[in-house]
Structure formats: structure tokens, C-alpha cells
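Here the structure comes first, spelled out in C-alpha cells, and everything after it is commentary.
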Amino acid sequence: MSKTLDSSPNAGIDKNVLARYTSLPMPDGKILATYIWIDGTGQHLRCKDRTLDFIPTSPKELPIWNYDGSSTYQASGHNSDVYLHPVTIYRDPFRRGENILVLCETYNFDGTPTASNKRAACAQTCKQCTDEEPWFGIEQEYTLLDYDQRPFGWPKNGFPGPQGPYYCGVGADKVFARDIVEAHYRACLYTGVKICGTNAEVMPAQWEYQVGPCLGISIGDDLWISRFLLHRIAEEFGIVATLDPKPMPGDWNGAGAHTNVSTKSMRSPGGITVIEEAIQKLSKCHERHIKAYDPLGGQDNLRRLTGRHETSSIHDFSAGVAHRGASVRIPRGVNDDKCGYFEDRRPSSNCDPYSVVNEILKTICLNEV
């Protein structure tokens, strides 16, 4: 990963110099907390740090903080304060020790959730579905870019060979920047994120990792922190990690966030019937789900869900066993076992997982069709 004229300035920084300072001992009783939140775009993350003089055991012990919402597309300049309410604590893989990462919800001055705070509504829905113990797993696809926004490792004045040899590939001519993938995987495990796997994807410089199974709203918390870790680690390598659902136009795969869903009833013997009933409910509100499955209300997915490159058409709902060109797929093993889970393949890679979980549970558990 050598530095070139069009590479990130970060790529030229000698990280060994930083080690002289990160090795300094922390004062007794002091830790650093990184507060992390979703900005007004609904897909990008922000963060800032503060010193604490205690080690919290619960998010409720942490102070509510604020920031300039006029600089994050969440408030006007004449009334700019937006408030950070801590909701989940993770271990900090960058500073280590007792230092922490803090995922926060964002609230307006009047106590209402900001427009990009989808977690608040999702939490209410999840509370209504606790008896069904809903499990979620999300397959997060992403693409690594050079600082000039071209996929990392691609020729500067051309294209790599056609898709085929790259998926789960091995070798310098098949995969690029595995270092970032390895660092991200280890960092997720360290923080407590329930990452359960990773692999190279169909388009060169495209990767995927899987989070779950997680109970209810925790899938959203873990996925957002995993995204923060991805961007933060890629930053150190001078590479950009994008969640754009169609980073390269043409005959290249897009990127999704396939969402695996299972309730207690689906996991019970004969649960395939419940799965089929859930899919029938989903078929009746396809348009509502499409609007919730990307930050632009379906416009981002319009570029991706074309009916090609292992996607369904955004305009039609479909389902099938082992069918990766369907809106919803029942895995072959689930069909054989007659219980388990289903996979909703429609959410885009840059979706808000809270919105996805909220819509799915309202449809399949609360019968809001």
C-alpha cells in the first residue's frame, strides 16, 4: 500500500511516532470515551472524545453530551445544539485499556428524536415483540476505494478481468487489502461486536462480513459500531471504505446488507409454516419496505435492485428456496429442516439497520400490512 500523489495524506504518516505517545501511562482513574453517532445523512458516522474520571458499568451512568448539529445536517445555526444520549458501551480497540466506545442516540433540544435517529422507534417496536425473541443477522457488503474513489487495486486506466475468480478468492491477483479485513475482524471481536464471518465478494475490492445472530435492536447497535470500526481502520491505511450500493456502474455486482430473520416460532419444529406466512405478509407491503431499506427512500436501491447481479427487481416482490435472485430467500437447509430463518435480500449496503428491523417486525409480528 505505497503512497502515491493521489493517495490519502494519512498513508504518509509514520505511525511509529504516535506509539511514543499512546504508550504514555494514563492518570489514575481516568479513561477516554469516544461518543459515536449517526449524522443527518442517515448513513455517515461522527465521533468526538471526552475524559471520564470513572469506569462506567452501564450507559445510564454516562453523561448526556451535545454537539453542533448545524455542522452535521441536523440543526440550524441559530439553534444548533443536538444532544447525545449514550445507549451502548463497547471496548475501544484503538486505545485499549479501560477506554470505551459509546454509541449514542441523537435528540433535539425539545427532547424529540432527530430525523436520523431511527433507533428510538425501533426500540419501541422491539419491546412489543419480545415474546417472539427475534434474531437478526446482517451480511454487510462494502467496497474499498483508493483516495481517488476508484476501487482499490483496479488499474487506473482500465478494468480488471470479469467477475468470477474473486468471490472468496485467494491470491494477489484475486483479492486486495486483506490487511484491512483482518484488522477489522479482530477489532470487532475485541469490542464485543458479534461478528461471525467474512469473505471476499464477487467484485474485486469488494468484501463482506456478517454480524449476528443478535437479539432485537442489538443487531443495529453492533452493525453501526462495526461500520465505525471499518471506516476508522481504513482511515489508518489511507483507504476509503464505501457502503455505496452500486459503487461501479456496469456489469459489476452491487453491495447489499442481506438481513436474516428468525423468530421463536420460526425456530420451533414446523416453523417453515410461520416463515411462509411471514413472507406472504412481506409481499403485501413491498413498497413500504423498499422505502425503508436505503437512506434515500429507495433511490439508492434503484441503482442496485435491477434483477441482475444476484438481485431481484425493485419493482416486484419474489421469494424462493435457495434463490439469490429473489427478494426473499429461504435457505435450502431451512427448507429441508422445516424450521429456521429467512433472508431478506433487499436492504442496501448503506441501509439503517434500525429502519430495516423496525419494518420487518412491524410486518411479520405486529401485522402492520
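Summary of values
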{"quantity": "The stretch 58-79, subset polar (S, T, N, Q) and at pLDDT below 95, residue most open to solvent (accessible area, probe 1.4 Å)", "calculated": "Asn79"}
{"quantity": "Lone qualifier among Arg346, Arg303 - being touching a residue at least 12 places away in the same chain (Cβ under 8 Å), of a type in the set (Lys, Arg) and assigned to a loop (DSSP other than H, G, I, E, B)", "calculated": "Arg346"}
{"quantity": "Members of the stretch 241-295 found to be open to solvent by less than 10 Å² (accessible area, probe 1.4 Å), part of a helix (DSSP H, G or I) and touching an Asp or Glu at 6+ places or on another chain (Cβ under 7 Å), listed by number", "calculated": "His289"}
{"quantity": "Filter result (among the hydrophobic types (A, V, I, L, M, F, W, C) and under 22 Å from Ser218 (Cα atoms)) within the stretch 250-274", "calculated": "Ala257, Val261, Met266"}
{"quantity": "Where a residue in the stretch 11-36 is within 21 Å of Pro59 (Cα to Cα) and its partner, wherever it lies, is among the polar types (S, T, N, Q) and open to solvent by 60 Å² or more (accessible area, probe 1.4 Å), with Cβ under 6 Å and at least six apart", "calculated": "Lys30/Thr51"}
{"quantity": "Residue among Val202, Val102, Val181 that is in a loop (DSSP other than H, G, I, E, B) and among the aliphatic types (A, V, I, L, M)", "calculated": "Val202"}
{"quantity": "Of all residues in the stretch 198-217 being farther than 22 Å from Ile239 by Cα and more than 12 Å from the chain's Cα centre (by Cα), the one that is surrounded by the most Cβ atoms within 10 Å (Cβ to Cβ)", "calculated": "Ile217"}
{"quantity": "Qualifying residue in the stretch 74-93 (condition: under 28 Å from Ala255 (Cβ atoms), in contact with a Lys or Arg (Cβ under 7 Å, 6 or more places away or on another chain) and assigned to a loop (DSSP other than H, G, I, E, B))", "calculated": "no"}
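The values are calculated or read from the model by the stated rules, or taken from the named source; none is laboratory data. Nothing here was measured: the structure is a model prediction, and the numbers come from that model. Reconstructed Cβ throughout: ideal geometry from the backbone, glycine too, with neighbour counts over all protein chains shown. To get the accessible areas, we keep the full protein, side chains included, count just its heavy atoms, and leave off ligands, DNA and RNA. Shrake-Rupley method; radii C 1.70, N 1.55, O 1.52, S 1.80 Å.
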